[in-house]
Amino acid sequence: MEWVVLIASGMLEAVWATALSASKGFKKIWPSVLFLVSMTASMVGLAYAMSVIPTGTAYAVWVGIGAVLTVLLAVFRKQERLSLARGALLALLIASVIGLKAVS
C-alpha cells in the first residue's frame, strides 16, 4: 500500500509544480489553491510512505516520478520541447525509479 501512496504522491508533485508555475508568483488564485492542496497531499503521502519505505529510496522515487511527469506535462502544454536526448534521459530516470523499487 505504501508504494501505491508513494507513486500517487509523486504524481501530485507534478501537479503542484505545474500549478506553482501557473500561479505566476501566487498572483492567480485557482492555481495557487491547487498548488497548496496538491502539495499538502503529496507531502502527507510521502510521509506515510516513509513510515515503511527507506527515506532515501522513497524520496528518490517521489522526486523521479514528479520530475518526469512535470517535464511531460510541460511538453504536453507546449511549454517545453522533448528532444531525443531529453527523452533518453527521462527514460533513464524512469528505469532508475523502477530499479529502486525492484531492489527494495
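The sole residue among Leu100, Leu46, Leu73, Leu93 that is out of contact with any Ser or Thr (no Cβ under 7 Å at 6 or more places or on another chain), of a type outside the set (D, E, K, R), in contact (Cβ under 8 Å) with a residue 12 or more places away in the chain and assigned to a helix (DSSP H, G or I) is Leu93. Taking the range 9-37 as the range and being more than 29 Å from Val103 (Cα to Cα) and surrounded by 20 or more Cβ atoms within 10 Å (Cβ to Cβ) as the test, the residues that pass are Thr18, Ala19, Phe35. Output the residues belonging to the range 23-34 that are in contact with a Phe, Trp or Tyr (Cβ under 8 Å, 6 or more places away or on another chain) and in a helix (DSSP H, G or I). The answer is Ser32, Leu34.
In the range 50-70, the residue that is surrounded by the most Cβ atoms within 10 Å (Cβ to Cβ) out of those that are in contact (Cβ under 8 Å) with a residue 12 or more places away in the chain and over 14 Å from Leu12 (Cα atoms) is Ala58. In the range 26-54, the residue that is nearest to the chain's Cα centre (by Cα) out of those that are under 14 Å from Val5 (Cα atoms) and of a type in the set (Ser, Thr, Tyr) is Ser42. Of the residues Ala58, Ala88, the single one that is in a helix (DSSP H, G or I) and under 13 Å from the mean Cα position of the chain (by Cα) is Ala58. Taken over the range 77-91, the criterion of being loosely packed, with under 11 Cβ neighbours inside 10 Å and on the phi < 0 side of the Ramachandran plot is satisfied by Arg81, Ser83, Leu84, Ala85, Ala88.
Every number in this text was worked out from the coordinates using simple rules, so none of it is lab data. Note that this is a predicted model, so its numbers are computed, not measured. FYI the Cβ positions are ideal-geometry reconstructions off the backbone, even for glycines, and counts take in every protein chain you see.
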